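Everything below concerns the one structure shown next.
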Amino acid sequence: MEGDCIFCRIINGEAKADFVYQGENIVAFRDIKPSAPVHILVVPKKHIRSMNDLEEQDAFILKEMLFTAKEIAREQGTDQAGYKLVFNVERGGGQYVFHLHLHILGGWELGKHPRLAGMPV
Ligand code: DGP
């Protein structure tokens with residue numbers, strides 16, 4: 001727990017979030033500033049600053065994050081159409097909150113993903 005970390009405060013119930021999953025090691029909640037129709041953050045309860053700080057002993061956390069993301073994508077109905085999983089790493093990678101998290105971005109109509117604009121699909 002880092003006192004000034006917003007994700008630690010959400011995990012501890014000191015700040016509100018729209019949770020979609022709460023497990024022993026991992027939680028997931030909706031991003032406050034969504035950049036996709038479905039935008040959910042998968043967050044370990046343990047405070048780890050970024051992917052750069054992930055240690056071998058925490059490999060199980062990464063595994064749980066990925067499998068939880070896969071399950072949430074299915075529950076949100078975006079698994080078949082497709083989705084993105086993104087880790088932003090440090091400032092240069094666009095990281096803003098320095099508590100490890102995995103973005104699930106999806107819910108676009110088939111062929112309407114911004115990356116595919118102008119491409120024949
Ligand atoms: P990143 O750039 O990878 O660090 O993304 C951090 C995301 O966290 C960003 O998309 C906005 C989201 N976010 C920041 N503060 C809050 C908050 O207080 N609540 C929720 N639900 N999301 C937040």
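Mind pulling up the Rg/Rh value for the chain? Radius of gyration and Kirkwood radius, both on Cα.
Radius of gyration relative to Kirkwood radius: 0.98.
For the peptides 36-43, 77-84, what is the packing order when you average, over each peptide's residues, the other Cβ atoms within 10 Å and list the highest mean first?
Ranked by mean Cβ neighbours within 10 Å, highest first: 36-43, 77-84.
Report the full-extension gain for the segment residue 58 to residue 109: residue separation times 0.36 nm, less the Cα-Cα distance, to one decimal in nm.
14.8 nm
Can you pull the one-decimal nm distance between simple spin-label points at residue 91 and residue 79, each 7 Å off the Cα toward Cβ?
4.0 nm
Arrange the peptides 21-33, 98-110, 48-60 so that the one whose residues have, on average, the most other Cβ atoms within 10 Å appears first.
In decreasing order of mean packing, 21-33, 98-110, 48-60 become 98-110, 21-33, 48-60.
Residues with amide H under 5 Å of residue 20's amide H, sequence separation 5 or more or different chain, H placed in the peptide plane at 1.01 Å from N; which?
28, 29, 30
Read-outs throughout are calculated quantities, based only on the coordinates presented, and are distinct from any laboratory measurement. Keep in mind that what you see is a predicted model, and the values were worked out from it rather than measured. No Cβ is skipped: glycine too gets one built from the backbone with ideal geometry, and neighbour counts run over all protein chains shown.
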